[in-house]
Amino acid sequence: MEFDIRDVKVGDLPAVLALNNAAVPHVNALPLAEMQRFIRASAYFRVAVLDRAILGFLVGFRPGADYESENYLWFQARYDDFIYIDRIVVAPEAAGRGVAKALYADLGAVMSGSVGAMTCEVNIKPENPISTEMHRRLGFLEVGQQETGGGEKRVSLLRKEL
């Protein structure tokens, strides 16, 4: 499957939001205003596109961003140099076609030389075995765990040196 990866545009946000909210509980649901804020606060917000259809997206934040995620703050308290992958979502019809891998490779290429590591979390309660396996194959290592959402979720906190 051939697709392009490009910066998100404001006009993409309804489709990005629909993908995001369909992926709950693997990511948390968001209002459109939060996606709009991501454009301003993130260091990386790109989409994979095929024939104008959004196949997936990835949002990443650098230390010091105007962002209050529990997991982002966990990394910020421990590391000075990283890009935090807040969320990556791939459309169900594009699953298994290399979209996530391509977005991660693009993030690494864009951030190469400006950050030392990629960080993220994967749900282990509720379990997300597909994401856990993908991150393992990409070379991410667990650096911690924490409960979020008042104990409703438990995440594995991951880091990969660039």
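The values are calculated or read from the model by the stated rules, or taken from the named source; none is laboratory data. Note that this is a predicted model, so its numbers are computed, not measured. We place every Cβ from the backbone using ideal geometry, glycine too, and count neighbours over all the protein chains shown.
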Checklist entry - Is there any pair linking a residue in region 1-22 that is among the polar types (S, T, N, Q) to one that is not in a helix (DSSP H, G or I), with Cβ under 8 Å and at least six apart or on different chains, and which? => result Asn20/Val27; Asn20/Ala29; Asn20/Leu30; Asn20/Phe57; Asn20/Arg87; Asn20/Val89; Asn21/Ala29; Asn21/Leu30
Checklist entry - Which one is nearest to Phe3 (Cα to Cα), of the residues in region 79-115 that are hydroxyl-bearing (Ser, Thr, Tyr) and within 14 Å of the chain's Cα centre (by Cα)? => result Tyr104
Checklist entry - Quick one: in region 37-51, which of the residues that are among the aromatic types (Phe, Trp, Tyr) and in a strand (DSSP E or B) is nearest to Val110 (Cα to Cα)? => result Tyr44
Checklist entry - Out of all the residues in region 1-28, which are small (Gly, Ala, Ser) and either under 16 Å from Ile88 (Cβ atoms) or touching a Gly at 6+ places or on another chain (Cβ under 6 Å) (or both)? => result Ala15, Ala18, Ala22, Ala23
Checklist entry - So which residues in region 46-75 are without any contact (Cβ under 8 Å) to a residue 40 or more places away in the chain, closer than 18 Å to His26 by Cβ and aromatic (Phe, Trp, Tyr)? => result Tyr72
Checklist entry - Which condition number in (1) out of contact with any Gly (no Cβ under 7 Å at 6 or more places or on another chain); (2) at pLDDT 95 or above; (3) not in a helix (DSSP H, G or I) is the one that Tyr67 fails? => result (2)
Item to check | Set Phe61, Phe57: member being more than 14 Å from Val16 (Cα to Cα), out of contact with any Pro (no Cβ under 9 Å at 6 or more places or on another chain) and buried (at least 23 other Cβ atoms within 10 Å of the Cβ) | outcome: Phe61
